[in-house]
Amino acid sequence: MNSAPPPNEAALAPARTHICVDCRTLLAPGERCDLGPAHRVVSLADAPGRRSMLGEIWGSPEVRKSARRAAQVGAGAGAASSLDWCTGCDGVADGEGFLVMIAFMLIAGVFMLIFYALRALYRAYVAHRDRQLPCGAGARAASTARPKGRDGTIVRERSTEGPLSGLPCAAWSVSLSAKSFLHGPLMLSDAGTLGFDVQLDGGAGVVRIPPGRVRLEAPTVFTRKAGDPVAEAITDPIDPLRAADPDGDLIPYDEAREARVEVGQRVRLHVELDEIPDPDSAAGDYRGPPRMLLVPRGVPAIKAL
Ligand SMILES: [Zn+2]
């Protein structure tokens, strides 16, 4: 009999304090990125890892310093009054001299207004040109670095909740992305499940996806903006120092997106499969060979069809 207690979701998601620099996948300590041995993994929980990631996202310390200086110059555009220049209005002239003075003041005022407007436009242009853009990663297809997919349908799930929506599902993914970026918009990616079964097409067997991390490629069904308490509840435990670090944000995102799959969803599995006896049927059944199950070798990649 299989009497294993239901897994605790918190236990399934140990503090994922490491991140893949190349694809921004959130990882547990000691875990390698499943997209390839060349993918670099750093810790967000220690100073060297943070410095390394800051360099990847915002550039070298020198670049960050000059960008901050440029931003300060752009923000420092003065809002001087167009009448600041007028310091000679102590006396009032008479007749023709008075009219000449008024005309002079009007013409000079127009030129000063044009000057301040052009200066403000130039400073805005410089600030925009020199603004810091975070470097992110591009989204990867579920088939990236994976074997050819096998199609099937999710037939059983141990229901979990989407982290952003709180809605039940078999598996979820959350991606944090920035609108202004270099290289790619993705700043952080995470996905998980409490486990589900996929019935492969053509009677090719049942795949049992175990609890843990997955890769999920599916349409976005829920979004939250940066600053939303639910979205911040995801980022804060990963990088609690981000708000206090004046040197730059390690997770500079504008939008958090959630994707989900549930029972009945058609999926394509991109993962090597091993065949094992079904632990639910093998024990105590002496009438024949045990029913077999297929299980993924490594982190399963799932594409919603
Ligand atoms: Zn990676």
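Listing for the model above:
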| item | result |
| --- | --- |
| Among the candidates 111, 115, 104, residue that is over 18 Å from residue 186 (Cβ atoms), of a type in the set (Phe, Trp, Tyr) and modelled with pLDDT of 85 or more | 111 |
| Condition check for residue 9: under 19 Å from residue 302 (Cβ atoms), at pLDDT 85 or above and more than 9 Å from the ligand (Cβ to nearest atom) | no |
| Those residues of region 40-52 which are near the ligand (Cβ under 9 Å from one of its atoms) and either surrounded by fewer than 17 Cβ atoms within 10 Å (Cβ to Cβ) or in the same structural domain as residue 141 (by TED's automatic domain parsing) (or both), in sequence order | 40 |
| Test: residue in region 223-237 that is in a strand (DSSP E or B) and closer than 19 Å to residue 302 by Cα | no |
| When residues of region 27-39 are limited to those that are on the phi < 0 side of the Ramachandran plot and among the small types (Gly, Ala, Ser), the one nearest to the ligand (Cβ to nearest atom) | 38 |
| Residues of region 200-211 satisfying the condition of being in a strand (DSSP E or B) and either basic (Lys, Arg) or farther than 13 Å from residue 170 by Cβ (or both) | 200, 206, 208 |
| Checking residue 274 against (1) buried (at least 19 other Cβ atoms within 10 Å of the Cβ); (2) among the acidic types (Asp, Glu); (3) modelled with pLDDT of 90 or more, the condition it does not meet | (1) |
| Qualifying residue in region 168-175 (condition: in contact with a helix residue (DSSP H, G or I) (Cβ under 7 Å, 6 or more places away or on another chain) and surrounded by fewer than 16 Cβ atoms within 10 Å (Cβ to Cβ)) | no |
| Members of region 164-207 found to be touching a Phe, Trp or Tyr at 6+ places or on another chain (Cβ under 8 Å) and farther than 16 Å from residue 27 by Cα, listed by number | 164, 165, 167, 170, 171, 177, 178 |
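The values are calculated or read from the model by the stated rules, or taken from the named source; none is laboratory data. Source: prediction; values computed, not measured. Glycine gets a Cβ as well: all are built from the backbone with ideal geometry, and neighbour counts include every protein chain shown.
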